[in-house]
Each structure stands twice: as C-alpha cells, then as structure tokens.
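Here's the structure we're looking at; comments come further down.
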Amino acid sequence: MADNTNYGDFIRGIDKLTSEQKEVLYERLKAELSRPHSQSIECENAEVIENVSDPEKIKRPRILGKSKPRSVIECCLHCGSISIKKYGLTKGGIQRYRCKDCGKTFSENYGLITHYTHLSEWQWKEIIRGLIEGLSLTEISKNISTSVGTVWSCRMKIYQSIQNIYEYCDSFNSIVEADGKYERISFKGYKDKTFFIDKLGRLPRHHRSRKERIEYLADDYKKLFKCNPHLLKEMVYSSNRKMVGRETIDINHQHLCVMTAVDRNNNIYIKPVTSGTPTSHDVDRYLADRISSDAILVTDECHSYKYLCRKNRIRHEIIESGTFVTDTFSLSRVNSIHSSLDRFFRSKEYYPATKYIDLYLMMFWWLKKNKDLNGNDVVSKLYLIMTGYVSSETRQKMKRITVKELCNRELPIDTKGYYI
C-alpha cells in the first residue's frame, strides 16, 4: 500500500458509486487479482494456462462466449422473417438460429460489435462510459487493462454502428436555423509523401525542425529547388500553423464545411458535405429533402441558401452581419451546436482525421438527441443498443465492422476534384 491517504479516500468513495460502477470496479479488481504470480494460473471464464516460466510471455486469457454480452433474437437477421428456430450452439456456447424462409443460419450475436472482440461485458461498459465522459484513449485503456489500439477500434466501431442504425433521420417543418462550420481538412494517417508534396503542396503537419523537413523531402528537395523554389521555401520555413500549399489548393478548399441545421424541437442535421464553401446546388442536394415548404429557414447572408428557398418555396429569413436578432429569429441555436461541437472534439484528445469526421458527427448527434438523460442512463442506453436490445428493424441494420474497413474509408465529403 503506497499511499494510505489515497487508499482511505478510495474506500470511503465506494459508498458513492452506483451499482453499475461497483460492478465495473469488482470486475477490474478480479482482473488484477487474476494476474499470474506462480507457474500456473486459472482465470474465471477463461482458458487455463499452465507451466509458464516467464510471466511476461503469458498471453491475455481468451474470453469465452458465455461471458460476452448477449442479445435477444426475434427475427431473421438476413430477411426479417419471424419464422426462425433454434439450430444448436457454436463452439463458444452461443445460440444459433435457422430461418425457415430463407434457410440461412446465424448466431445470437451476429453483427454485434461486442461479439467480434476478446473483451468482456464490464470492459465494454467501461469503454462506453469513457466515451460519454470524454476520457482519452490512454485513460480508458488503463482502466480496462488493454491497448490503446483496441480502445480506438472499439470507439470507431461504436460510432460506425450509430451511423448504420440512425444515419440522418431528422426532418424540419418549423423554424429551422442553418449555418456552416468550417474545419481544416486532415489527412492524418496518410503515408504517401508524393500525395502531400505533389497534390497538397505541403508537408504532413508534424513538429519537424528545418533539418528534419529537408531530410523528409530527400530527393524531392532538388526537384523543387529547380522547378518551384517558392513552394520549397514555404515547406521548409513556414510554421505548421500557417496554411501552406496555396499554390496547389487555395485556402478555401483546404477546409471542409460541416452543414448544420437545427430547429426548436431538437431536430438536428449535421454532416460534412464539401471542401470549401458549398454552392447553391450543394445546399439544395443535402437539405431539399429535409426541409418542408411549411418551414422557415433562418440563415446568415450566405447566398447559397437562396436557390433552395426559391426552388422549394421556403420562407427565408436572413440575419445580417453585425446583428444577432431579426424580429423573433436568430442563429443562437445553431451557434450553440457549433460551440458544443468544439467541446466535443477537444474532449477526444486529438482532432480526428477527415475520413472519420462523419462518424464523430454522428455520435455527437446521438448525444445531443439524448442530452436530457444523465450520464449513467446514457451509458446504459448505448450499451443496450450495442448488445442488440433494439427493435427487429434496427437489429437488421447492425452489421459486422472490421478494422480494415475503418482504415480504408474514403473521404466522406465532395472534394471538388482537389484530392483525387
């Protein structure tokens, strides 16, 4: 016991924990106590490991199916038919089913992201709790004794599942405020040096000294010195905060537009749409099917919304620059959404790569839709969704998500041909 004061505070704080938090703490302590201290160990709900000479070489015990989160099956997950019957068990003890109509078989946990991992129920709950509370990946990984990469993949699978289930389902027929929020396009994770130099006209945004930048350019240094010395000077001497690459892609198209609309009934539409400022046809393509002709559209002085309003006969109220309210109309709600979005991104340790930004926005949308629930209720609700305790229609939308699919995602925006 290294610190008696911290230990006393810990013991006294147990009484303030909820039942779910006590359950997570209990499972965490069991995991700590089950760590190897001798030549053979046995973990509950795990395989037995014997005759291990070096404790550091012991692999993590494999969690068997009976200790994983379970779900309820009411229909075929392939065709939606309710004519199903039990069809034995898997090797892990999971119930299998067979559809009498389409003849396909599937397991109880088919399509659930909690099934395709070696994490137990308490670890999944702690991951979800960490996401809701805005903990960093490092903090969550320490809490559940796993790697940062595992926590990242679980987080992205949760975000992708939310998108698969809900997509963008809100529509508007009352007073709706719309505006765009601009974020810098990030190619975090791209390793192709040629893409950055030839296409973007800049170096990757890393903290490199001038010497390291020259070493990174290698043979391209001489090429740029002869063909484009001005761009070479920008790459080597400019600050990372400065928007470089202007000769290849203008400043406008080095940002993406997050189109946002919100009404007074908490209906929200928030989606990354295009690089640079969206045109009138972009606005019409994304918002025409969501805003009815009975609605009143409130925007700033951006001209891109006028075409949408004329085409669909929507009343258009413009808030002029320098003013905050016109009659009873304002942009306070959409500005509040943008402020909340900034806080949401800051809580994720690092700004996400652009190819994942639509997943982050979908999770942000889901949290705003459930903002009236307290933290524990949000965790419980999200956990029930991830484990399949949803309607039959929703359950069919839940598909297997792999890390390879996540890593190979394309940019979810219209790049206007700049990044091809």
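The values are calculated or read from the model by the stated rules, or taken from the named source; none is laboratory data. Since the structure is predicted, the reported quantities are computational estimates derived from the model, not experimental observations. Here Cβ is always computed from backbone atoms with ideal geometry, including for glycine, and neighbour counts include all displayed protein chains.
Just to be sure before I move on: is Leu382 within 23 Å of Tyr182 (Cβ to Cβ) and surrounded by 20 or more Cβ atoms within 10 Å (Cβ to Cβ) in the structure I sent? Criteria not met by Leu382. Taken over the stretch 320-343, the criterion of being of a type in the set (A, V, I, L, M, F, W, C) and either buried (at least 17 other Cβ atoms within 10 Å of the Cβ) or modelled with pLDDT under 90 (or both) is satisfied by Phe324, Val325, Leu331, Val334, Ile337, Leu341. Against the condition buried (at least 18 other Cβ atoms within 10 Å of the Cβ) and basic (Lys, Arg), how does Arg184 come out, does it pass? For Arg184, the condition - buried (at least 18 other Cβ atoms within 10 Å of the Cβ) and basic (Lys, Arg) - is not met. Consider the stretch 112-154 and keep the residues that are among the charged types (D, E, K, R) and free of Cβ contacts under 8 Å to residues at least 12 places away in the same chain. The one that is farthest from Lys30 (Cα to Cα) is Glu139. Among the candidates Lys181, Lys188, Lys142, the residue that is assigned to a helix (DSSP H, G or I), basic (Lys, Arg) and at pLDDT 85 or above is uniquely Lys142. Selection of first residues in the stretch 325-336 that are small (Gly, Ala, Ser) and of second residues that are outside any helix (DSSP H, G or I) and surrounded by 12 or more Cβ atoms within 10 Å (Cβ to Cβ), restricted to Cβ pairs under 7 Å at least 6 apart or on distinct chains, gives the following pairs, ordered by first then second residue: Ser330/Ile319. Taking the stated definitions as given, is Ser161 among the small types (Gly, Ala, Ser), without any contact (Cβ under 8 Å) to a residue 40 or more places away in the chain and surrounded by 20 or more Cβ atoms within 10 Å (Cβ to Cβ)? So Ser161 does not fit the description; no. Here Glu177, Glu234 are screened, and the one residue that is surrounded by 15 or more Cβ atoms within 10 Å (Cβ to Cβ), touching a residue at least 24 places away in the same chain (Cβ under 8 Å) and outside the structural domain of Thr277 (by TED's automatic domain parsing) is Glu234. Across the stretch 191-205, the qualifying residues are those that are part of a loop (DSSP other than H, G, I, E, B) and touching a residue at least 12 places away in the same chain (Cβ under 8 Å), and the one among them that is surrounded by the fewest Cβ atoms within 10 Å (Cβ to Cβ) is Arg205. Apart from one condition, Tyr168 fits all of (1) surrounded by fewer than 19 Cβ atoms within 10 Å (Cβ to Cβ); (2) more than 16 Å from the chain's Cα centre (by Cα); (3) at pLDDT below 85; (4) not charged (D, E, K, R); the exception is (2).
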